[in-house]
1. If you check Ser16 against the conditions, is it small (Gly, Ala, Ser) and either farther than 25 Å from Met115 by Cα or touching a Phe, Trp or Tyr at 6+ places or on another chain (Cβ under 6 Å) (or both)?
2. What is the residue count in the stretch 41-60 for residues that are in contact (Cβ under 8 Å) with a residue 24 or more places away in the chain and not hydroxyl-bearing (Ser, Thr, Tyr)?
3. Do we find a residue being among the small types (Gly, Ala, Ser), in contact with an Asp or Glu (Cβ under 7 Å, 6 or more places away or on another chain) and assigned to a loop (DSSP other than H, G, I, E, B) anywhere in the stretch 33-48?
4. Return the total of residues in the stretch 38-70 being at pLDDT 95 or above and surrounded by 12 or more Cβ atoms within 10 Å (Cβ to Cβ).
Amino acid sequence: MRYMLLIYDDERHWQSLGEAERGAIMEEYFGYTRALEESGAYVAGDALQPTTTATVVRVDGGETMTTDGPFAETKEQLGGYYLVDVDSIDEAIEWAAKIPSASRGLGSIEVRPLMEIPQEAAP
């Protein structure tokens, strides 16, 4: 089954770290990604640009409206994700706990199963 591991961190905390510490954390992420790939569980993953680069789109009465910035003010922001294909929610949680943001106590990881849509229903 496929699961999204959604990585939430406080962007202000990340920006407050020195270059060496950010580099060390990124090396942990690279190692984590390699371990996921070697296990065969890795499907995809990426980091996101800061929320200051986001654009929110809403449609109201057929009119498209855009707003710069994040959807809502929150303590933690979605900073990236991994898509994994594993046998169980327990295995997905084990992988989520190894993500550097979680294991270092810098943020939280939301584990969410993907909705499986049958091929015959797809357009």
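1. yes
2. Of the residues in the stretch 41-60, 8 are in contact (Cβ under 8 Å) with a residue 24 or more places away in the chain and not hydroxyl-bearing (Ser, Thr, Tyr).
3. yes
4. Summing the residues that are at pLDDT 95 or above and surrounded by 12 or more Cβ atoms within 10 Å (Cβ to Cβ) in the stretch 38-70 gives 5.
Yes/no matrix, rows are residues, columns are (1) free of Cβ contacts under 8 Å to residues at least 24 places away in the same chain; (2) surrounded by 16 or more Cβ atoms within 10 Å (Cβ to Cβ); (3) assigned to a helix (DSSP H, G or I):
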{"residue": "Leu78", "(1), (2), (3)": "no, yes, no"}
{"residue": "Tyr81", "(1), (2), (3)": "no, yes, no"}
{"residue": "Asp87", "(1), (2), (3)": "no, no, no"}
{"residue": "Asp90", "(1), (2), (3)": "yes, no, yes"}
{"residue": "Ile93", "(1), (2), (3)": "yes, no, yes"}
{"residue": "Ala96", "(1), (2), (3)": "no, yes, yes"}
{"residue": "Ser101", "(1), (2), (3)": "no, yes, yes"}
{"residue": "Ser108", "(1), (2), (3)": "no, no, no"}
{"residue": "Ile117", "(1), (2), (3)": "yes, no, no"}
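The values are calculated or read from the model by the stated rules, or taken from the named source; none is laboratory data. Just so it is clear, the model here is predicted, and its values are computed rather than measured. Glycine also receives a Cβ, built like all others from the backbone with ideal geometry; neighbour counts cover every protein chain displayed.
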